[in-house]
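These notes concern the structure reproduced below.
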Amino acid sequence: MSSVQTQSVQTGRIARTFIYLFLLLMALFYLLPFFIMVVNSVKPLSEITGGNMMALPEVFTIEPWLAAWSTAQVGVEPTGLRPYFWNSIKMVVPAVAISTVLGAINGYILTKWRFKYDTILFGLMLFSCFIPFQIVLIPMARILGILGLSGSTYGLILVHVVYGIGFSTLYFRNYYAAFPTELVRAAQIDGAGFFQIFYRILMPSSGPITVVCVIWQFTNIWNDFLFGASFASGSGAPMTVALNNLVQSSTGVKEYNVHFAGAILAALPTLLVYIVAGRYFVRGLMAGSVKG
Amino acid sequence: MGFLDIKNATKSYGNVEVLHNVDIAVDEGEFLVLVGPSGCGKSTLLNMIAGLEDITSGEIAINDRVMNGVHPSNRNIAMVFQSYALYPNMTVAKNITFGLEMHKVPKPERDEALQSVSKLLQIEQLLDRKPGQLSGGQRQRVAMGRALVRNPDVFLFDEPLSNLDAKLRVDMRTEIKKLHEKLKTTIVYVTHDQIEAMTLSTRIAVMYNGYVQQLGTPKEIYDTPENLFVATFMGSPAMNILPASVVMKDGVPHAEITTSEGQNALLPFNQENMSDWAGKDILLGIRPEAITDPDGVDRKSKTVVPISNRVGVTEPAGADTFVTMELAGKDCISRMRADADVTTGEIFDFVINMDKAVAFDPQSEMRIK
Amino acid sequence: MYHASKSDFKTRLQTWLPKLVLSPSLAMVLIFVYGFILFTVYLSFTDSRILPSYGWVGWENYNKLWRLSHWEISLKNLGIYASLYIAICTAIGLTLAIFLDQKIRGEGILRPIYLYPMALSFIVTGTAWKWFLDPGIGLEHTMHLWGWESFEFGWIKDRNLAIYTLVLAAVWQSSGFVMAMFLAGLRGIDSEIMKAAQIDGASNWNLYRRIVIPLLRPAFLSAFVILAHLAIKSYDLVIALTGGGPGRATELPATFMYSYTFTRNQMGIGASSAVIMLMTIAAIMVPYLYAELREKK
């Protein structure tokens, strides 16, 4: 995706004007909903129901943000989204760490210690990323119940690790496939063992793919709704589920400005990651679909 | 029994046998080159010596110790790879001493070994750099340093020069040869480049299709190739292979070939046993440098025969001039002195040095002895 | 094994250690994915209601399922939603990619703008669009305030049109991703081929139609597969945007499965619908993954 490559298509002046116009309009289309959310999250409610959604706030207020964070009614409790934000953090960090480490080791084994039928095993792991998760909801609910993990963050960690391994293995496998096998052979002759080769030779070169994998897993797990709603709907719910409760279940006056502030709060972590490390985010998207 | 003993070694992947009953005994201090086209099994054999691939059947022993099933690091071997395989995240010094560290050699000894090796290879000023900051030639030296520091029984080289540009390749070739003469180590060296094989080795194993076609000194391989494959693979331009029939004249066996002008030329053999082939067809092998102008002929040769033939294309190449022509119905190349006076299209009086000619059985493609 | 007995410890360690280290991951996948799939398939042949039960009823759940108008609506909705979603995302993604590939100034700013919705959760997307499309306060209301009194945009409240709002929001979220895939494909095309075609006198239109787009076939295939499987799995967006309504106008198989299994206590039927979803995705993904993995060899 380098922009240095010279492209030799020539376009006329009118065509170019049209192209720029189209590209700008589309940019507007993508920006508008989020822009409106931000603008209206700092307006008092009266300005939203009575006024124009495009207008900048006449009275600037951060009340809705404070309400969304700590006092808004989520479900039955007026706790705000704060406890659920921490639920998500407590779920995401271990789940991302574990699935990434497992993915790295799996990728290492599947490329540098190949054995019979390893491609089939990898295929089985890979397919598990794409299944409709509805197919595992019922037995998973049962197992979590049996293990005493229903409604808990630990249960969600387990679920996300299990269904995240496929992708993290895919990333590291494709990355390590391009890592020269001669280095591994040289290390073997030098006397390094299975784990030493991994720590000393492959790991130091795995920075970029680790970033890609962590970002992908983080985004996916943070944004998950189905598992959260199915296995942790109460006080252990993650951010997405709580946001949905906030938006859907408010009885009485709908506090749109609070909903917007809440939605932005829910989007903020992944959005920040995207802004800081967008390049890796795109690489992850690509590697997740177009292999090789 | 040699220092490195390969006995009846075979390699199969599933049902496919890729290496068939290889027998090679290498003496201590020898420089053995495995040469052949890609896919001939030479790298597989090297990897089997290294322990990177297991041995399906047969035996490989180093210094009287059978190595089947022994881990690469326990074989006391070192290897220089085609890509050099330098660890990209480690400095040159770390790269060189990593193997010692893995073998739990104490730090002072490691440093000492590093000093002497880097001095030998003149890479002292590079020790703190990362491989990415080195030129191709420098990487090559570091890779050799990593191998040397272990002080192994056998050095294995896997096409170590193929990533270098032409000039550097020649320099490094000389350097490897110097190093071998100085250290007197045992080396097994894989290449597909027959010039490397000729210049470096004390002995060559020419491989093709998973078989060792011929094992011998460079001179034996060049002058008396065992079969047609070895004859045409070794030497550049390749040996001319001309269909001929054997006729007896004055009690001496001659090879009869047709010139470009449709005349028959008789080339006397100086091998008595060719009489057995009288009346039969053979393939006559003549190296390009054995077809010259009369002034360019080797003075020690006894059997030099003139032959008139039309010149095809002349290709001056600086040191030599190559002349192509049609002989015995085949394209044939002759290598002449640079200032030989030949013109395209003329009839020219060549001489053929029959001392250097070999004959092959057209059926078995083996050399007639 | 002739060698296993003769090999030294380090060599033997090397043959079984990788397999040993891989096995926990593998066991997890085998149990939690494939074991669970088998379990759900089994449940779809039982009389499970609120809890799993093991009375075998054969194909009864499937027969019931195919007679339910609710299921029929979900499938029809999925058909509309998936085909429009895939077609529009591909069209927008391809157009954006080709336009962006014309040495556009500010490409570095535009590209991330097109792509950022992909970083948001469907719940956030749904919340934003739900409000934007609400005739009372969203776009329609704004247009009225700006003096366009006759402007009407009440799709989200309309039984026949609500499904298209789902398409709109989903396209907003995913089309940038498709753009990125096509852009990567375009940048991978050998520029000498483009030069050769221009020397042959091809117009820009023909250059793209005859040379470039055919060369993007792998990107089309990947985009189709990814979008199709996302469409079939769509659940969060429906919940956040329309909740399946108005009425059942935006029910999809994913929401159908959830409500039959967990709120209507028809687990057997829920399981059978999940099996059908799996089959559909498998029919698309398995050949794709098979081809991808084979190519690598």
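The values are calculated or read from the model by the stated rules, or taken from the named source; none is laboratory data. Note that this is a predicted model, so its numbers are computed, not measured. Glycine also receives a Cβ, built like all others from the backbone with ideal geometry; neighbour counts cover every protein chain displayed.
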TODO: Specify which of the listed residues (A:Ile135, A:Ile143, A:Ile120) is β-branched (Val, Ile, Thr), assigned by TED's automatic domain parsing to the domain that holds A:Gln248 and over 30 Å from C:Val225 (Cα atoms).
DONE: A:Ile143
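Every residue, every condition in (1) closer than 14 Å to C:Tyr81 by Cβ; (2) in contact (Cβ under 8 Å) with a residue 24 or more places away in the chain; (3) within 12 Å of the chain's Cα centre (by Cα), yes or no:
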position	(1), (2), (3)
C:Ile211	no, no, no
C:Leu216	no, yes, no
C:Phe220	no, yes, no
C:Leu227	yes, yes, yes
C:Leu230	yes, yes, yes
C:Leu237	yes, yes, yes
C:Gly243	no, no, no
C:Leu252	yes, yes, no
Open item on the list: For a quick check of your reading of the model, give me the residue pairs whose first member lies in region A:32-50 and is in the same structural domain as A:Phe260 (by TED's automatic domain parsing), whose second is modelled with pLDDT of 80 or more and among the aromatic types (Phe, Trp, Tyr), with beta-carbon atoms closer than 6 Å and at least 6 apart or on different chains.
Closed with: none
- [ ] Please work out which residue is surrounded by the fewest Cβ atoms within 10 Å (Cβ to Cβ), limiting yourself to region A:113-146 and to residues that are hydroxyl-bearing (Ser, Thr, Tyr) and at the interface with another protein chain (Cβ under 7 Å from one of its Cβ atoms).
- [x] A:Thr119
TODO: Kindly indicate whether B:Thr314 is farther than 19 Å from B:Ile241 by Cα, of a type in the set (Val, Ile, Thr) and over 30 Å from the mean Cα position of the chain (by Cα).
DONE: no
Task: Given (1) within 14 Å of chain C (Cβ to nearest Cβ); (2) within 20 Å of the chain's Cα centre (by Cα); (3) surrounded by fewer than 16 Cβ atoms within 10 Å (Cβ to Cβ), index of the condition A:Val93 fails - done: (1)
Task: Cβ-Cβ under 6 Å pairs, at least 6 apart or on other chains, region B:114-126 side among the acidic types (Asp, Glu), far side surrounded by 13 or more Cβ atoms within 10 Å (Cβ to Cβ) - done: B:Glu124/B:Ser118
Task: Exclusive hit being buried (at least 17 other Cβ atoms within 10 Å of the Cβ), small (Gly, Ala, Ser) and outside any helix (DSSP H, G or I), set A:Gly155, A:Gly80 - done: A:Gly80
TODO: State the number of residues belonging to region C:136-160 that are within 25 Å of the chain's Cα centre (by Cα) and loosely packed, with under 14 Cβ neighbours inside 10 Å.
DONE: 2
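Report yes if some residue within region A:11-27 is more than 14 Å from chain C (Cβ to nearest Cβ) and either surrounded by 20 or more Cβ atoms within 10 Å (Cβ to Cβ) or among the β-branched types (Val, Ile, Thr) (or both); otherwise report no.
From region A:11-27, those more than 14 Å from chain C (Cβ to nearest Cβ) are none; that's our starting set.
Within region A:11-27, not a single residue is more than 14 Å from chain C (Cβ to nearest Cβ) and either surrounded by 20 or more Cβ atoms within 10 Å (Cβ to Cβ) or among the β-branched types (Val, Ile, Thr) (or both).
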Open item on the list: With the requirement that a residue be under 28 Å from B:Ala278 (Cβ atoms), surrounded by fewer than 19 Cβ atoms within 10 Å (Cβ to Cβ) and among the small types (Gly, Ala, Ser), what does region B:312-367 give you?
Closed with: B:Gly329, B:Ser364
Task: In region B:141-184, residue farthest from the other protein chains (Cβ to nearest Cβ) [restricted to those that are assigned to a helix (DSSP H, G or I) and of a type in the set (Asp, Glu)] - done: B:Glu181
- [ ] Restricting attention to region B:12-36, report how many residues are in contact with a Gly (Cβ under 6 Å, 6 or more places away or on another chain) and over 26 Å from B:Thr185 (Cα atoms).
- [x] 3
Open item on the list: Taking the condition of being surrounded by 24 or more Cβ atoms within 10 Å (Cβ to Cβ), farther than 15 Å from A:Leu170 by Cβ and in contact with a Ser or Thr (Cβ under 8 Å, 6 or more places away or on another chain), how many residues in region A:206-221 meet it?
Closed with: 1
Open item on the list: Which of the numbered conditions does A:Ala177 fail, given that it passes all the others? Conditions: (1) in contact with a strand residue (DSSP E or B) (Cβ under 6 Å, 6 or more places away or on another chain); (2) within 9 Å of another protein chain (Cβ to nearest Cβ).
Closed with: (1)
Task: Total residues in region C:125-148, condition touching a residue at least 60 places away in the same chain (Cβ under 8 Å), more than 18 Å from A:Leu28 (Cβ to Cβ) and facing chain A (nearest Cβ under 7 Å) - done: 1
Open item on the list: What's the number of the only condition in (1) at the interface with chain C (Cβ under 7 Å from one of its Cβ atoms); (2) assigned to a loop (DSSP other than H, G, I, E, B); (3) under 25 Å from the mean Cα position of the chain (by Cα) that A:Asn106 fails to meet?
Closed with: (2)
- [ ] Test each condition in (1) in contact (Cβ under 8 Å) with a residue 12 or more places away in the chain; (2) within 14 Å of chain B (Cβ to nearest Cβ); (3) among the polar types (S, T, N, Q) for A:Gln188 and report the one that comes out false.
- [x] (1)
TODO: Filter region B:208-242 down to the residues that are among the hydrophobic types (A, V, I, L, M, F, W, C) and not in a helix (DSSP H, G or I), then identify the one that is nearest to the chain's Cα centre (by Cα).
DONE: B:Met234
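Out of C:Tyr81, C:Tyr42, C:Tyr114, which single residue is in contact with a Leu (Cβ under 7 Å, 6 or more places away or on another chain) and within 12 Å of chain A (Cβ to nearest Cβ)?
Working: C:Tyr81 fails: within 12 Å of chain A (Cβ to nearest Cβ); C:Tyr42 fails: in contact with a Leu (Cβ under 7 Å, 6 or more places away or on another chain).
Answer to the check: C:Tyr114.
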Open item on the list: Tally up the residues in region B:62-97 that are more than 18 Å from B:Gln133 (Cβ to Cβ), more than 14 Å from chain C (Cβ to nearest Cβ) and part of a helix (DSSP H, G or I), please.
Closed with: 1
TODO: Go through region C:198-215 residue by residue and tally those that are within 11 Å of chain A (Cβ to nearest Cβ) and not in a helix (DSSP H, G or I).
DONE: 2
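Could you check region B:261-280 and list, in sequence order, the residues that are polar (S, T, N, Q) and within 20 Å of B:Val304 (Cβ to Cβ)? Show your work before the answer.
Step one: of region B:261-280, the residues polar (S, T, N, Q) are B:263-264, B:270-271, B:273, B:275.
Passing the criteria: B:Gln263, B:Asn264, B:Asn270, B:Gln271.
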- [ ] Could you tell me whether any residue of region B:77-98 is in contact with a Gly (Cβ under 8 Å, 6 or more places away or on another chain) and either within 19 Å of B:Leu32 (Cβ to Cβ) or without any contact (Cβ under 8 Å) to a residue 12 or more places away in the chain (or both)?
- [x] yes
TODO: Restricting attention to helices (runs of 4 or more DSSP H) lying wholly within region C:230-297, give those where 3 or more residues are over 24 Å from A:Leu246 (Cα atoms).
DONE: C:267-296
TODO: Just one of (1) surrounded by fewer than 18 Cβ atoms within 10 Å (Cβ to Cβ); (2) on the phi > 0 side of the Ramachandran plot trips up B:Asn163, so point out which.
DONE: (2)
